[in-house]
1. Working out 0.36 nm times the residue gap between residue 576 and residue 247, then minus their Cα-Cα distance, what length gain in nm do you get to one decimal?
2. May I ask what percent, to the nearest 5, of DSSP beta bridges between residues of the chain are antiparallel?
3. Can you check how the C-alpha radius of gyration of the stretch 93-156 compares to 2.2 N^0.38 Å, as a plain ratio?
4. Please list, or write none, the lysines whose alpha carbon is within less than 24 Å of the alpha carbon of residue 633, excluding same-chain residues fewer than 8 places away.
5. Based only on other Cβ atoms within 10 Å, what is the fewest-to-most ordering of 169, 640?
6. Could you tell me, in Å, what Rg and Dmax come out for the Cα atoms of the chain?
7. In whole angstrom, how far apart do the alpha carbon centroids of the stretch 582-634 and the stretch 671-690 sit?
8. Kindly flag which residue pairs out of 412/439; 168/561; 85/482; 63/85 have an alpha-carbon separation exceeding 28 Å in this structure.
Amino acid sequence: MMPAGGWLPGETGSLVPIMRGLRSWIFTLAFSALLAAPSLAQQANDLPPGVTREQMWYAPTAKDWAQPTLIPWQRTWADAVELSKQSKKAILICVNMDGEIASEHWAGIRYREPEIAALFEQYVCVIASTFRHNTRDYDARGNRIPCPRFGAVTCGEHIWMEPMVYSKYLDDTRVSPRHVMVELDGSETYDLYYAYSITAVVETVQKGLAERTIQPEDPPRGDRSLAELVASPNAADRALVEQNYLSGDRQARQEILAAAKQLGGAAPVDLLRQAAFGFDGELSGAALDLLSASERDKAVGLIDDLLRGPLEPERRIALLAALEGLGEQVPVAKRLASVHRGLSGRSELLDLDAWRNGMANSKEASKTATPNELFEEAVRPENIAALSSSNARVRKVAEENFRLALQSAVDKVVAATMNGQSESEINWNHYARIAIASKYLGNDATEEAHRAVMSLPAGESSWNAYAVLSIFADGRRDSIRKAADANQPWPKDWLSETQSAFAVLLQHPFATDAEVARHYDFLIRLRAVPTASRALQDGLMRFPDSWMLHERFRLILASEKGVDGVEAGYKTWLRRADAPQYLKWYAAQASLFAAEQMRRENRLNDADAAYQRALDMFAEQRTDDPQTTDSSKTYEVLAYAGRARLALDFGDTAAAADFILTAFRHHPDSAASLDGLMVTPVGTAKKILVAAQDAGEEAIVKEIQSALEDLSNRDTGLLELPAFERPVNPR
């Protein structure tokens, strides 16, 4: 199971796909969490004789996924606790993970069965999963977009539920699927995971109900007043109120908001979102007034969204105050308030106009020249690289050179001070030298870098200038991160100074795409999504062939324009005369990304078409530039395997076999590669094998078995389970 999910309750979903969509991040986090505990594969010996994992946890079909989820999930932990107390029902926590074989079975089949729904309905149910299946949680009018995998809840809600339940009940053991029963007093009755059959889960859930001494109370019967409906924590009642608001006339909406006003700080946040983003100015204002007094932790996400857009000054002040007030119960609220204050200011540290003018004619000359203003040999880039040498002697010499350089620079500053020079009169390079040497000796050099930047001439294009600006920006980012992690405020100038330093760095001849990625990730972590988006797009203009920036760009496009906007964005870019050399390869990546996201949204036909578009563009790219052949074929294998999985979902075993065999022939070394859904081509082949065996299609069985045997002969590692499903020794 993956570690803690979304930043805050009620988020719109614009952040989570960005934070969690980067495959390298997902894999690193998932692997580290899952390898820390035994996986489901450890229970293989508990399966009935002759039954494989693929047979026990058979894969959902397209028809299965098309069925609605029948479990009445509650939206927040607070709602679940309140409803549990009212109904005297225990809470049932369900944990799920994309790509894990048993989790897929539960999500695609069992949570959609009337029998399981009838059993689970005797509990108050919540679902926890860190994976996002919709790119957004709300539309432009503030209406909810339910998760296509779980229904009822938004992706932001099941993502936020994960850290909540893990911190309270799951002992940091991240494994999925998992079912936990929580009583009215907050105690656990059972915590079931590594279950090797559906029967084991059902029997445990039934036993938990049978052994309860507390009897549930019947829900209210008959018509309930509007005030009672608006006050209800039940997700079904909340949905009814929101639907009535959406379909009602102005008078009906006024009455609903009047009922919400009676609840004061407990007014339902999703209802306030509908009103706040509506076109009726008076109702929107009433919702903002209620939101300014909200005591609901879910209000943090809505306030943050509103502060990103245009607001009257008095409204902005009130919402900022509300955000800071909510910081007592949701610590992230304080850091969000600091971010909004910091981004609204402007730094006087660097004159950006002067820097633009100064850089205009110096980029190429400085980039190609040997750095000639470095104060000592020690700080040349090649000597910096020596600090990471595997040769201990080389490292020792480099460190000693840095120490000598640091002492030399300090001596010069001391001498200048003794000669009566003020700090502003001392040459910026003296402080730069101290900062650079200190940085590479592992010391905090932010203040020395700040002194250098204060007197740095606009347009200074030397390597020293770039290095000290980068050190300063990194120092400020680190200071803000530390303050944010400790839920402490920070001076608003820090953020505006960081922004200014980045703006200069992006223009500098020695800039790299890594600098852009670091700043973007920093802003995303602060939830400054629009600012991060602008920084990323500026970075792509400078580094159009950067893999790490395109990876982030796909996520930004998905969050801003939806999954369909990802391919459209690249299609528009391809038509431009200045389209970069490898843009078609990145456009193919965009189609592959879109296909995987469409599968998450259960848009299976659309996903299949997107996979084919990816295959076509990768093939064109290989023809245009043979140097991209190997990398293109790797991703083509994932596209073929994706089409195979879709064919299997539609019940076409023959087509599925054709696609997966084509994948293995195309580039066999990629057969164990994980796609964005945490599935390998080999894993898909094993599912096709089981389906063919069940259908008695012996010819397909032999073909798949032969292909898998060939892969094993080529490299035994190709048939291993993904790292997060491999058995490990229990601790």
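Coordinate-derived values only; no laboratory data. Just so it is clear, the structure is predicted and the values come from calculations on it, not from any experiment. All Cβ positions, glycine included, derive from the backbone under ideal geometry; neighbour counts span all protein chains shown.
1. That pair, residue 576 and residue 247, stretches by 114.1 nm at full extension.
2. 65
3. Numbers: Rg = 12.6 Å, N = 64, 2.2 N^0.38 = 10.7 Å.
Cα Rg divided by the expected 2.2 N^0.38 Å: 1.18.
4. 571, 584, 686, 687
5. Neighbour counts put them in this order, fewest first: 169, 640.
6. 28.7, 93
7. 17
8. Beyond 28 Å: 168/561; 85/482; 63/85.
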